[in-house]
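The values are calculated or read from the model by the stated rules, or taken from the named source; none is laboratory data. All figures in this text were calculated on a predicted structure; none of them were measured in a lab. Neighbour counts run over all protein chains shown; Cβ positions are idealised from the backbone, glycine included.
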Amino acid sequence: MSEYTESIKKAADALDLAEQAFALATNRLATVRCHNGQSGYSVTVNGVTVAVSQCDSRTYQGTLIRGREMIHLGALKALGAEVQTAADRVRDCRAYLASIVVA
C-alpha cells in the first residue's frame with residue numbers, strides 16, 4: 001500500500017478505537033445515572049467496596065443508600081469527564097482523518 005493509504009488506514013483505526021471508547025464511557029455513565037436498574041451499583045477504592053445504590057423493594061427502582069449521595073455525585077462527575085475526554089478524542093480523530101482525505 002502507498003504511504004497515503006497507510007496514513008488513512010491508521011487514522012481510521014484510531015477513530016474506530018476512539019468511538020469504541022466513547023461508547024463504553026457513555027454506557028458506564030448511563031449505568032450510574034440509572035443506578036444500574038434494579039441491581040444497584042457499588043464503588044471500589046483500593047479493594048474496599050462500598051454499596052452506593054440498591055433496589056428499593058417497594059418500587060423496584062435503584063435508589064441511593066442514605067449518606068452516600070456524595071459518592072454518587074463523584075461517580076457522575078468522574079464518568080462525565082471520561083465521556084467528555086472520549087468525545088474530544090473522537091472529534092480530534094475525525095478532524096485529523098478529514099484533513100488527510102481533503103489534502
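Quick look at the values:
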item	result
Answer from S2, S53, S99, S42 - the residue that is without any contact (Cβ under 8 Å) to a residue 24 or more places away in the chain and buried (at least 17 other Cβ atoms within 10 Å of the Cβ)	S53
Residue within the stretch 91-103 that is under 29 Å from D13 (Cα atoms), in a loop (DSSP other than H, G, I, E, B) and either charged (D, E, K, R) or out of contact with any strand residue (DSSP E or B) (no Cβ under 9 Å at 6 or more places or on another chain) (or both) present	yes
Flag if G37 is surrounded by fewer than 12 Cβ atoms within 10 Å (Cβ to Cβ), among the small types (G, A, S) and out of contact with any Leu (no Cβ under 9 Å at 6 or more places or on another chain)	no
Residues satisfying the stated conditions in the stretch 57-88, i.e. surrounded by 14 or more Cβ atoms within 10 Å (Cβ to Cβ) and charged (D, E, K, R)	R68, E82
Which listed residue, of R28, R33, is under 11 Å from the mean Cα position of the chain (by Cα) and among the basic types (K, R)	R28
Residue in the stretch 42-88 that is nearest to T31 (Cα to Cα), counting only those that are part of a loop (DSSP other than H, G, I, E, B) and hydroxyl-bearing (S, T, Y)	Y60
Residues being of a type in the set (F, W, Y) and either at pLDDT 95 or above or farther than 17 Å from R68 by Cα (or both) - total across the stretch 1-41	2
Answer residue from the stretch 42-87, given it is out of contact with any helix residue (DSSP H, G or I) (no Cβ under 9 Å at 6 or more places or on another chain) and acidic (D, E) and is modelled with the lowest pLDDT among those	D56
